[in-house]
Amino acid sequence: MLRLVALLLHCVPLAMGQYDICKSWVTTDDGPSWEFYACQPKAMRMKDYVTVRVDPAGITCGDPPERFCTHENPYLCSDECDASNPDLAHPPKLMFDSEDEGLATYWQSVTWRRYPEPLLANITLSWNKSIELTDDIVITFEYGRPTIMMLEKSLDNGRTWHPYQYYADDCMEAFSMPARRVRDLSTTSANRVLCTEEYSRWAGSKKEKTVRFEVRDRFAIFAGPDLKNMDNLYTRLESAKGLKDFFTVTDLRMRLLRPALGGTYVQRENLYKYFYAVSNIEVTGRCKCNLHANLCTFKEGSLQCECEHNTTGQDCGKCKKNFRSRSWRAGSYLPLPNGSPNACAAAGSAFGTISIRAAHPSSKSSKLIRLKPNAGPVAPIESYRDCECYGHSNRCSYIDFLNVVTCVSCKHNTRGQHCQHCRLGFYRNSSAELDDENVCIECNCNQIGSMHDRCNETGYCECREGATGPKCDDCLPNYYWRQGCFPNVCDDELLLCQNGGTCYQNQRCICPVGFKGVLCQQSRCEVDKKDCDGAPGAGGSLGTVALGVLALQLRAWGDL
Ligand SMILES: *[C@@H]1O[C@H](CO)[C@@H](O)[C@H](O)[C@H]1NC(C)=O
Ligand SMILES: *[C@@H]1O[C@H](CO)[C@@H](O)[C@H](O)[C@H]1NC(C)=O
Ligand SMILES: *[C@@H]1O[C@H](CO)[C@@H](O)[C@H](O)[C@H]1NC(C)=O
Ligand SMILES: *[C@@H]1O[C@H](CO)[C@@H](O)[C@H](O)[C@H]1NC(C)=O
Ligand SMILES: *[C@@H]1O[C@H](CO)[C@@H](O)[C@H](O)[C@H]1NC(C)=O
Ligand SMILES: [Ca+2]
């Protein structure tokens, strides 16, 4: 009977998922006793436990009441924000409430009436507790997502801050960083801080409202697309330096740096449609309890681990008094599947070793396997050794304050953190792989015909007025080429040479004797009386000549 109980108890943790019980009562050949396991609390909706602060003072709309418009309907400014009226107020707490179906409630900032002074806002979330993220952070913006924002995190209750992710519609312009996607990161770069353009482009304010910090995509690098292989993730979290801490936060800060612009430039005549409005911030995670607790409770305004294994502290980060015969250690996910509790021990205790349950269900009695501490297969990975440059460089350097590894001296006309972009003045050869020496093709923009030497992704240069063609070495109709494109002076349609003059290469009229002017429209005797002697049309006044020109022009238009 006791054996059956033991067997059932054994099945429990496996059925319920990994690391969710801290101890169980089992029978061994030596009689019943407790077994201890690495354990962690369940993931929770962390917005229910957060305190929020919005900066600067006065950034929340409604004091004084203010009207605002939307990008969809910029001249129908019927909405109003009024802090003194509960129905029209938009306080910060509305980013964390649970919403009735269909009705978004949101915090809203003042409008950008002080343009061009930037419209800046900080939203700081604090838990006074370390949290391990287990799912994406999802921020929902009503009325459009910011064109520039930044996510920062703190691990020490707001004393120091680090960039977490950059967001911009143009990463190079906003942060001088190449745009990357989390999906494209690799096992050795899973904790890279990057700039993404995926959540900042205008797509209509109703269509795409969310900005994400992609935790799942980063987990998926190790655990596979459906996070099926969690064992591999847990192994990496133990062994890869800095990876666990990357997903741990005590505070988060959204720095909103430029609001949605509706897909165009700022329209100064209607600044009431530029503002921030956040309806929800979803943060899913679990209390960090160093694998010494499976419960975390909200007490006296803060989350607190219910520590086991004779540990104590908010994160179970130290040994209880009288249990300090061995120095404190965090529990470990390894060895799989049940990890090591690394419990604190009383002086003279029998628990000076790590207890691991026999993994095979076939074992008749649950014998304890005793291992020395530190027996897990720990292989530290130095993430900055990872130098991915697609073969265009073999040198990287680590930029401490951004926590990124970047390639140095990219060859073959490439540039960027991984030499994955083309240098200015070059464009991507679409038939070549990224690691091909021919990946970047020179733009070859015509120096005179183009604005600069850069081109777009298909090799098209930006042309000066009148120029055309991929390289801007041709002229538009009605323009002629002579060290650049110039508007035709004459042609045989509209700009006819007058008085029998002939048009030379669209550049000038060759006038008959006795006439001058751009279109030979002027009789020389008007200018110099000597020229009039014997010339036809002598004595003609300027007025009649001008009328003649006009008549010719009218006739030319009439012929069209
Ligand atoms: C936002 O926080 C940053 C520090 O992370 C600070 O430098 C900046 O001045 C703050 N901005 C506002 C508008 O309070
Ligand atoms: C943070 O949590 C600790 C431990 O629970 C508590 O003593 C402290 O008062 C809390 N601080 C704040 C500002 O809530
Ligand atoms: C913790 O201490 C209690 C005695 O207070 C003991 O019964 C228990 O086995 C200890 N747990 C661990 C994991 O060492
Ligand atoms: C583009 O790349 C292919 C494959 O390497 C190469 O054969 C071709 O010459 C390249 N095109 C140009 C214009 O360099
Ligand atoms: C490059 O510019 C040309 C001409 O303006 C345009 O037709 C083409 O679509 C552009 N290509 C890209 C990828 O933007
Ligand atoms: Ca809300």
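Fully extended, how many nm does the chain gain between Glu442 and Leu476 (0.36 nm per residue separation, minus their Cα-Cα distance)?
Separation in residues times 0.36 nm, less the Cα-Cα distance, equals 9.9 nm.
In Å and whole numbers, how far do the C-alpha atoms of segment 217-272 stretch along each principal axis, longest first?
57, 26, 14
May I ask for the Rg/Rh ratio of segment 223-307, computed from Cα atoms with Rh as the Kirkwood radius, given to two decimals?
That ratio is 1.16, to two decimals.
Answer with one residue from Ala240, Asn280, Asn229: the one whose Cα lies farthest towards the positive end of the charge dipole of segment 220-282, charges on Cβ with Lys, Arg +1 and Asp, Glu -1.
Asn280
Sorting check: for 446-452, 287-293, which peptide has the highest mean count of neighbouring beta carbons within 10 Å, and how do the rest follow?
Answer by packing, highest mean first, reads 287-293, 446-452.
Using 0.36 nm per residue of separation minus the Cα-Cα distance, give me the extension gain between Ser302 and Trp34 in nm, one decimal.
93.4 nm
Which GluC sites (Glu not before Pro) in segment 90-153 sit in a loop by DSSP (not H, G, I, E or B) and have at most 14 other Cβ atoms within 10 Å of their own Cβ?
Passing both the DSSP loop test and the Cβ count: Glu99, Glu101.
Is the C-alpha gyration tensor of segment 71-125 telling us rounded, prolate or oblate? Criteria: a/c under 1.5 is rounded; beyond that, a/b larger than b/c is prolate, otherwise oblate.
oblate
Take Glu117 and Asp55, extend 7 Å from each Cα along the Cα→Cβ direction, and tell me the distance between the two endpoints in nm.
1.7 nm
Please calculate the 1.4 Å probe accessible area of Thr27, with all protein chains present, and give it to the nearest 10 Å².
20 Å²
Starting from 0 in steps of 10 Å, tell me what percent of the Cα-Cα pairs of segment 95-138 lands in each bin.
Spelled out bin by bin, segment 95-138 gives 17, 33, 34, 16 percent.
At a probe radius of 1.4 Å, what is the per-residue accessible area of Val404, in Å² to the nearest 10?
Estimated to the nearest 10 Å², Val404 gives 10 Å².
Over segment 282-336, what portion of Cα pair distances is larger than 19 Å, expressed as a whole percent?
Counting pairs separated by more than 19 Å, the tail of P(r) holds 32 percent.
Can you check what the net charge comes to around Ser200, using other residues whose Cβ is under 12 Å from the Cβ of Ser200 (Lys, Arg +1; Asp, Glu -1)?
That sum, taken over residues with Cβ under 12 Å, equals -2.
Just name one of Met44, Ala121, Ser78: the one whose Cα is farthest towards the positive end of the charge dipole of segment 19-155 (beta-carbon charges, Lys/Arg +1, Asp/Glu -1).
Ala121
The values are calculated or read from the model by the stated rules, or taken from the named source; none is laboratory data. All of these numbers come straight from a predicted model, not from anything done at the bench. Note that we place each Cβ from the backbone using ideal geometry, even for glycine, and neighbour counts take in every protein chain shown. For accessibility, only protein heavy atoms count, side chains too; no ligands or nucleic acids. Shrake-Rupley method; radii C 1.70, N 1.55, O 1.52, S 1.80 Å.
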